[in-house]
Structures are given as C-alpha cells and as structure tokens.
Amino acid sequence: MRITFLLTLGDEMGGTEMAAYTQAAHLAARHDVEVLSVFRTRAEPFFPAGRDIRRRYLIDRTGPYERPVRRSGLDEAACRTLTSLPSELIEPAWEHTFNRLSDIEMSAALAALDTDVLVTTTPALMAAAAELVQGRVVTVHQEHRASQLRGVSGEPLLRYAPRIDALVSLTERTAEWFRESLGPAAPELPAIPNAVPDGYRPRSDLAGRTIVVAARMTPEKQLDHAVRAFAQAAEDHPDWRLRIFGDGPHEVRLRQLIEGLAPHDRVELLGRTREMAEEWAKASLCLLPSRNEAFPLVLLEVFAAGVPVVAYDIVTGPAEIVRHGVDGLLVPPGDVDALAAALGELMGDQERLRAYGNAARAGVYERFSGARVTAEWERLFEKLMARRDDPGRLAARADRTALRIAAGGGRAFSVAAPHGGPLAASADAQKAREVLLKAQDRTGRLVRSAGRLAELRDDLTAPQVADRNLELATDALTAHGIGYILLRDDSLAHRVAVAVEDRERTLAALAEELAGEPVYGELVSPRGHAPGALLAERLREAGEVAGVRVFKPVTSESRTLRYGPGFGCTVEFWAVDEDGWREAPRGTTLLGPRLPGLEPTAKWRVADRDHPTLAAFTDTLMWDVDFPVDVVYTWVDDADPDWRERRDAARRAAGLATDHVDSGDARFRSRDELRHSLRSLAMYAPWVRTVHLVTDGQVPDWLHTAHPGVKVVDHRELFADPSVLPTFNSHAIESQLHRIEGLSEQFLYFNDDVFLGRPVPPSAFFHSNGTAHFFRSPTAVPPGEVTEDDEGYFAAAKNNRALLKREFGRVATHSFLHAPHPLRRSVLAELAERFPEEVAATAGSRFRARTDLSIASSLHHYYGYLTGKSTPATISCSFANAGRYDHHTVLSRLLATRSHSVFCIGDSADAEVPAAEQDRVVRAFLGAYFPVPSPYERG
C-alpha cells in the first residue's frame, strides 16, 4: 500500500510528530510510506526517526520569507502578501499557523494526491482532507490527544468525522466518546495505541536518585504540581533531585516557584534535548502530573528504559499504560499531597523501585511493541481498502454527513456527549465483569458510557439521581446495622459519616447489598489501591480509603446528559482526634471539619425519607437561605397570530411601520427556550418555590398549569393602569413585577433565554439576611446623553444613570450579565413609589422608548446597592449569540463541559446566521443539554 502521513510541522519537536514518524517507520518495512508536511522549518526533522522516512514539503519557512517548495512563478511580494492573509480553509482558532499561501498549496497537493491511504494527524488537517482529497483515497484521522478535552482545536472533529473513512483514537475511552457523540453519523472508530519506537534503548540502573519530568511548560502539564510534590517528598529524602526537561510559556513562573521552595537547589530546569533516551537511562523515577493526556508516548520511552512512573490518574492516558502497583503508581488527579506521598513511597524503597522498573521494561515491549501495533494498523487499512471501490462507500459517507446535520450539527455547532469526569476507564478485570452484567441485563437499558455501565433514563432530574444514590448507600448501611449520620453542606449530592472503625464492615455491606448491580464506588484518597471507581460489589478490595462515593451512572437516550460520581453519595470514614471528637477525612461541613460524635440526635428529611443526623445540623445556621425564593418569567409567543395582530394594530395606532417588523426584533422570537429554561430550574434549582409566568393572554400548550408550583399571570392582572395595554415593551412589563400577587420578597427574574447550567444553591443569588446579589458585566454604558443611535437597552441604562446621579450623586458605569436577576419585591415597590412619573412613563410605553428605565435588569441593582439591599457578587456565566457562527462553537463547548452555572443564548437583528439555521441549532442544543422533561410540563 501507498500510505501518506500528513503533518503540519513535520520538522518540529512534539508528541504528534514523534508518534507519526514512529508509526511511519514501522509501516515502511512492508509499505510505500511518505510524510507530507505542510511546512518545512528546519534543514532536518528534530526527531532522528523522521530522517529515515521519505518526506515532502509544501511550503518552505527556512528562508527570509515563506514560499512554495514546488517550482513556482510567485515572487517575494506575492508570497508575503499571501502569508499575511488568514486561512480560509482552516479557521485560525483551530490552528493559527495556516494562511492563504498554505490554502493554495494544500488545495493543489491534496486534490492531486496519489496515495491509497491518507493519515491526518490534527483535526485541522482532517478538515482540510475532508474538503480536498479525492474520493478514491481512503482517509483516516489519527487523533493524538484526548479529543473530549481538546476545546477549540478539536471543533473540526465532530463536524468532519462523518466525511472520512475512519477516526482512530489512542484509547477506547476516547473512541467511546466519539461513538456517543456521533451516533449513526460515526465512521469506523477503532482504538489503536502508540507503539514503542524501534531501536536500542539504554536501560537505567535506578541508582541515580533522580526524578525526571519531560513536558512542555504549559498549564495542562501542571509542572508546578511536580515541583510542589517533590518539595514535600524531598524533606525525607535529601539525596534525591528533580530534573525537568522542556520549555514553554510558564518557564518564568516555574522558576519563581522553585526559588521560593526549600529544596530549590535540587530542582533543575534543563530545557529541550534531543537525547531523552539517554536522560531516561539516568533517571530512577518519572513524574507525570498532567491535567490532560491522550496516550503519552513519553511513558513508553520511560518504561523502555526500565523506569517506574508516578502519575495522575486522569481521564485517558496514564491508566492505559501504567499498571498501578506493578510498574508505577497512580494517584487521584490534582491531589498534590497524594502525588508527594507516592513519590516518597518509591524514593524510600529501592527494592520496590527495581521491581517496578523490571516490570515496566518487560511489559512495555509485550503490550506496545511496534509489531503488535503495526499489525492493528494494517488490519484497519486492509479493511478500508477492501471496500475502497464499493459504490456504497461514498453513499454511506453522504448519509453520515446528512445524519449529522439532521441531528443539529451546523456549520459551527456539533452535538457532543459530555466529556465525563476525571475517572479513568475500568481496568480489564472490571471491564470483563461489566460485560457480563450487561449481558445479564433483561431491561435492555444498560449501555457503556464514559467508561462505565450506565442506565438509560430520560426521566430523572439531578436531585432525583442524588437522592437515589443516597438511598443506595444508606439502605446498605441500615441492612447491616452500621450507624451513620447525614452531613450538611451546600452541595446537591449527599454525604454521610461513618466511624472509621466500621470501614471494613461498610465496604463489605456495600459490596454485598449492591452485588450484581451497575453501581460504583469512587475511592476517596485511597492508599495502596489505584484511584478510580470500583463496581460496588468489589469494594472489599478498596483497602484503606478516606471514603467511597456511591453512584449508579445514568445517561440520557441522546447520550448528551450524564450523571456520574458528581451526584454520588459519599460515605466518609471519620476518625477520633486527640480531643475525642470525630474529624472529617477530607473537607468540611456546615458545622466545620470536626464533630463531637457520630451518635444521631435528630432526623433530616430527604425526599420521602428521614435520615439520622445531629441536632445542630437541623438548626437554622447563620448562612442558611431559609426564606422562599420564587422565579418570574416574562414570555410571549411571537408565532401566535392573535398576538401579532394586536402588535401590528398597536404599531399602526402609534404611527409605526408594520412591514418587516419581525426581522428587526429578535426579542420576541421563540425557539422553545421557556420549556428548556424551566427544565434547567427543575434540574439544578429544586429549592425554587413557585414559578410565575407573566404573559399577554397566552399559555404554552405544553405547560402543566395545574402544577402547584406554576402560576400564570396575565398582563391585565399585573398592570396598575390597564389602559396602557396591550404592551410589547419588556421594560414596561418589568416595571410592574412587584404587583404579582403572592410573589415572594426575594425572587429571580429570568428571561426565557437564560438557563441554569449546573447545580446552584440559593446562596448564589441571595445572602441569608435577604440581601440580593447582582452580577456586573464588563460592558460599559457609553457616556453622554441618550442619542437617536442608542440601542434600547443603552438608552434605558443612560436614563437609569441620570436618575441615580440626580438622587445619589453617583454615576453608574456598567451593565449586568445575561443571568438570572436576583430581585427584592420591596425594592421594586420602593422605586415605583419614589419615582412615580418615570415608572409610569415606562409602564405606558407600548414599545421601547428612549424615555424608558430598565428597572428589573439594572436600576434595581444600583438602587439596591445604594440603599444597602443589594450587593455585588460573581457567578460563572456564559453568553452565546445564536446569530454568530463563531458563537456556535461556544454552544458546543458548553454542551461537552457543562462548566458554567448560568448561560444565555441571545441573538441580534443583524445576524449572519439565517433565522432557520439559528432555530435548528438552538433547538438541537437545548434538547441535548436538557433532555429530561420537567414537572412543569404536561405528561
């Protein structure tokens, strides 16, 4: 076969380049292999392995300016102009190194590529190949990172994967994420690991008392963790040193950290080297503290030198290579203390160090030999080549592309599964048991998701899952007579405390009661056992742990919502301290990290069950928000013909045009946001008392109006002066919210395009003394008076500013985030009473006017602050404009990471995205983020 590997910078130092050259070298023994590099940057490749592979380049960067490698009539001026222009083929956010010259050269080269198989090595190159390569070439992408954690650079993966023949991951966990995200639009999705490079590898004698780290100095490599862990361990091992190879943007910061630590003279920063094989042969330990890895090739080099490893057990990578307690140690991600303890264990045990080193060298050549990995590649290529000329191949590719678009994938938005938590996939023995449990399942509802068995459910909210996990844990404890108390903190998930002397009994009870069930226990601070999650039936093996987080994984039918250990019930083992009190093994509670004992003195009700607790936990504590909090929405259905007729009649009466009015006013457009915003409340804010829906004679047909937590408020019930109705001015409606009958003093005002993105407590919005929070935006209100060019919200903000300056002598400067607005009913009433003319004028404006105040979304916050009833606060908030393509990628990341407490999806009148596409993308996103119906919907 003729096989071409496509690289961006084939001469540079990087894991992608090293892996590609290693694989190319292995295949070259029996195939015609070449490397095609878009750019030439050196006289020879950095890696010696690359010098023995046939190479071609498209653009030469070794001279004074970039120019084509082919014979070309382009002069220097033309080349400089083209390289100054951004790429139109590859978005700069994916890879910034491309330009218009590279577009031209790639278009020519890939369209004419004469090869059997093209292997791309970055998502950006995969996108280019999908666009440019002719149909007879088999296209394979080899993904070199943990794709689910890539961020913006990985955006082409889900968009273009349906248009290639195979997408190869380094680990089964990443391949599984692609399967969940792409569904029927997926191409072939094999998992093939990296191979150990061929050639002689010197072996370490492990006598050097040296710990080595080799990594780029970037945030994701967390080299500061390595330095801090070494500083702790080095106190008991004064003859050991830490050597760090690599460079990068965090070098200065790392040097500053080192200089401030006691063993600074035993930490060396040595820059990059081409001779890492020799450096590993001098090492006695390797440290890998990364936040993200795919399948770190560096560990294969380390093991080939017979050097043990201490690494974080992150989502993918180390656990696929390091066998805990055999050739290295894995510790919980981000736990520097655990990292230091693991280092100390091996630094002080030479016999164990040598045993691990021997196992590492023997195992790496058995598990990741070039012959073994190359055979997997050849089987894949042969399978793909066998159907190369099958007419159904290109038809299937077209179908996959169509299915992806139909599922909501747009030009810049892709539906994706959550990337999962920090738990690595199950080890082989546990995976075999999971296969058996799945085979024995008669419900057909068990699937693999995020490396674990999960139950398919579209009817459970986050609070229900957390409560169910509490029941699973406490039922087992109760059945075996093991005492516990329920702890209180601000989390949606539950915690219970058990005496440490009952740890062995507790683990045995959980194992017995949950045997045969797809329930897991995540180990908290394990000593001796690898971190991660065990099937609950195997918890007897856990050994010494600070606790175990019991959870039954759940995933939605769409695979876009997943409940994992974050909603589990943590069973903690509390020891007696020197004062005879019980002490939390980690963290604290609302009463602090120490309790006088674990004998229950009260009950605390969760769902429909009472649990034993301490009486002190049942008191109203200083920071408890114990008052009711309601939610108010203002909503309109712009598709309602009666509403549209009322609006047009009002515009005609006011002398306003009615032609093309819809295209200029996106505020009334409905994409079913209200339904999904209510789902976000049910999912992440179970403490909300009542939802008040303020409407203009409209009620969504799906709304469960008989639900005791829902009240529909018509404008005619709301306005003090009903003669101003009908109104189509949100400022006017907001001026009357304090008049809602039965509304709580503290409430949240939601626009229907605002959503909760993860669990939030009421204390995120109010202090326990009733003070409301507000969330300032970095957007400044332009100085000066109201002008004809001002947008409605800026005009209102300027009017607010003038009013506040007149009354208080202070000038408001900024707007507020697109987030829920925490409001106090009494403050709104006070504003109406103190400024009756201005509020009445706002209420009387049927359409937005330059005299409006923005009372609920701005004036309340400033007035409340100046009168001591509101205070600034922060909240994790994101905003996406559905009318901008670059903001659609924000939606993709929100869906995969679920990393913000609140978010807003807005749009604008001058949108570049057609309205129909906006609708499709927003509906697809919301349906994927919030697939579980809320109790506010009809059954």
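Annotations for the structure displayed:
- If the condition is being in a strand (DSSP E or B) and surrounded by 14 or more Cβ atoms within 10 Å (Cβ to Cβ), then the stretch 758-778 contributes F766, A772, H773, F774, R776, S777.
- When A706 is tested against the conditions (1) surrounded by fewer than 21 Cβ atoms within 10 Å (Cβ to Cβ); (2) among the aliphatic types (A, V, I, L, M); (3) out of contact with any Leu (no Cβ under 9 Å at 6 or more places or on another chain); (4) outside any loop (DSSP other than H, G, I, E, B), the lone failure is (4).
- Residues in the stretch 333-359 that are surrounded by 20 or more Cβ atoms within 10 Å (Cβ to Cβ) and not in a helix (DSSP H, G or I): P333 alone.
- Search result, residues across the stretch 170-186 that are assigned to a loop (DSSP other than H, G, I, E, B) and buried (at least 23 other Cβ atoms within 10 Å of the Cβ): L170, T171
- Qualifying residue in the stretch 468-485 (condition: in contact with a helix residue (DSSP H, G or I) (Cβ under 8 Å, 6 or more places away or on another chain), modelled with pLDDT under 95 and outside any helix (DSSP H, G or I)): no
- Inclusion of A262 among residues that are modelled with pLDDT under 95, touching a Lys or Arg at 6+ places or on another chain (Cβ under 7 Å) and of a type in the set (G, A, S) is not warranted.
- When R243, R255, R216 are checked against the criterion of being at pLDDT below 95 and farther than 15 Å from R291 by Cα, R255 stands alone in meeting it.
- Qualifying residue in the stretch 844-865 (condition: closer than 28 Å to R801 by Cβ, within 18 Å of the chain's Cα centre (by Cα) and outside any loop (DSSP other than H, G, I, E, B)): no
- Residue match in the stretch 643-653 (condition: among the aromatic types (F, W, Y) and in a strand (DSSP E or B)): no
- Exactly one residue out of V913, V902 is crowded, with 17+ Cβ neighbours inside 10 Å and over 18 Å from E155 (Cβ atoms), and it is V902.
- Summed over the stretch 122-141, the residues that are assigned to a loop (DSSP other than H, G, I, E, B) and either surrounded by 24 or more Cβ atoms within 10 Å (Cβ to Cβ) or at positive phi (or both) give a count of 1.
- Scope the stretch 720-739; condition assigned to a helix (DSSP H, G or I), within 38 Å of the chain's Cα centre (by Cα) and more than 13 Å from L823 (Cβ to Cβ); matching residues: S730, H731, I733
- Any hit, the stretch 779-786, residues being surrounded by fewer than 13 Cβ atoms within 10 Å (Cβ to Cβ), in a loop (DSSP other than H, G, I, E, B) and of a type in the set (D, E, K, R): yes
- Residue among A508, A439 that is surrounded by fewer than 20 Cβ atoms within 10 Å (Cβ to Cβ), aliphatic (A, V, I, L, M) and closer than 13 Å to V548 by Cα: A508
- Selection count where residues are acidic (D, E) and either touching a helix residue (DSSP H, G or I) at 6+ places or on another chain (Cβ under 7 Å) or buried (at least 22 other Cβ atoms within 10 Å of the Cβ) (or both), scope the stretch 13-46: 2
- Subset of the stretch 787-810 [among the aliphatic types (A, V, I, L, M) and either within 34 Å of the chain's Cα centre (by Cα) or surrounded by fewer than 17 Cβ atoms within 10 Å (Cβ to Cβ) (or both)]: A802
- Single match in D459, D490 (criterion: within 29 Å of E172 (Cα to Cα), part of a loop (DSSP other than H, G, I, E, B) and not assigned by TED's automatic domain parsing to the domain that holds A294): D459
Rundown of residues vs (1) within 30 Å of R716 (Cβ to Cβ); (2) touching a Gly at 6+ places or on another chain (Cβ under 9 Å); (3) modelled with pLDDT of 95 or more; (4) not hydrophobic (A, V, I, L, M, F, W, C), yes/no style:
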| site | (1), (2), (3), (4) |
| --- | --- |
| S826 | yes, no, yes, yes |
| E830 | yes, no, yes, yes |
| F835 | yes, no, yes, no |
| A843 | yes, no, yes, no |
| T851 | yes, no, no, yes |
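- For the stretch 859-890, a tally of residues being of a type in the set (S, T, Y), at pLDDT 95 or above and in contact with a Lys or Arg (Cβ under 9 Å, 6 or more places away or on another chain) returns 6.
- Test: residue in the stretch 856-870 that is over 19 Å from E745 (Cα atoms) and in the same structural domain as S677 (by TED's automatic domain parsing): no
- G199 passes every criterion in (1) within 30 Å of L242 (Cα to Cα); (2) in contact with a Ser or Thr (Cβ under 9 Å, 6 or more places away or on another chain) apart from (2).
- The residues listed here are R488, R495, R452, R445; of these, the one that is surrounded by fewer than 18 Cβ atoms within 10 Å (Cβ to Cβ) and under 28 Å from the mean Cα position of the chain (by Cα) is R445.
- In the stretch 367-386, the residues that are not in a helix (DSSP H, G or I) form Cβ pairs under 8 Å with partners that are not acidic (D, E), at six or more places apart or across chains, as follows: F368/P193; F368/N194; F368/A195; F368/V196; F368/L300; F368/I321; S369/A195; S369/V196.
- Number of positions in the stretch 787-813 that are in a loop (DSSP other than H, G, I, E, B) and either more than 15 Å from L866 (Cβ to Cβ) or in contact (Cβ under 8 Å) with a residue 60 or more places away in the chain (or both): 5
- Candidate set: the stretch 608-647, residues that are surrounded by fewer than 13 Cβ atoms within 10 Å (Cβ to Cβ) and in contact with a strand residue (DSSP E or B) (Cβ under 8 Å, 6 or more places away or on another chain); chosen: the one farthest from L591 (Cα to Cα): D610
- Among the residues of this structure, R605 counts as one that is surrounded by fewer than 16 Cβ atoms within 10 Å (Cβ to Cβ) and basic (K, R).
- Enumeration of residues in the stretch 902-939 that are in a loop (DSSP other than H, G, I, E, B), assigned by TED's automatic domain parsing to the domain that holds L703 and touching a strand residue (DSSP E or B) at 6+ places or on another chain (Cβ under 7 Å): D907, S908
- Close pairs (7 angstrom Cβ cut-off, 6 or more residues apart or separate chains): closer than 14 Å to R241 by Cα in the stretch 276-300, of a type in the set (G, A, S) and outside any loop (DSSP other than H, G, I, E, B) anywhere: L287/A226
- Selection from the stretch 870-883 of residues that are assigned to a loop (DSSP other than H, G, I, E, B) and surrounded by fewer than 18 Cβ atoms within 10 Å (Cβ to Cβ): A873, T874, I875, S876
The values are calculated or read from the model by the stated rules, or taken from the named source; none is laboratory data. Treat the numbers as computed from the prediction; the structure is a model and nothing was measured. Backbone-built Cβ (ideal geometry, glycine too); neighbour counts: all protein chains shown.
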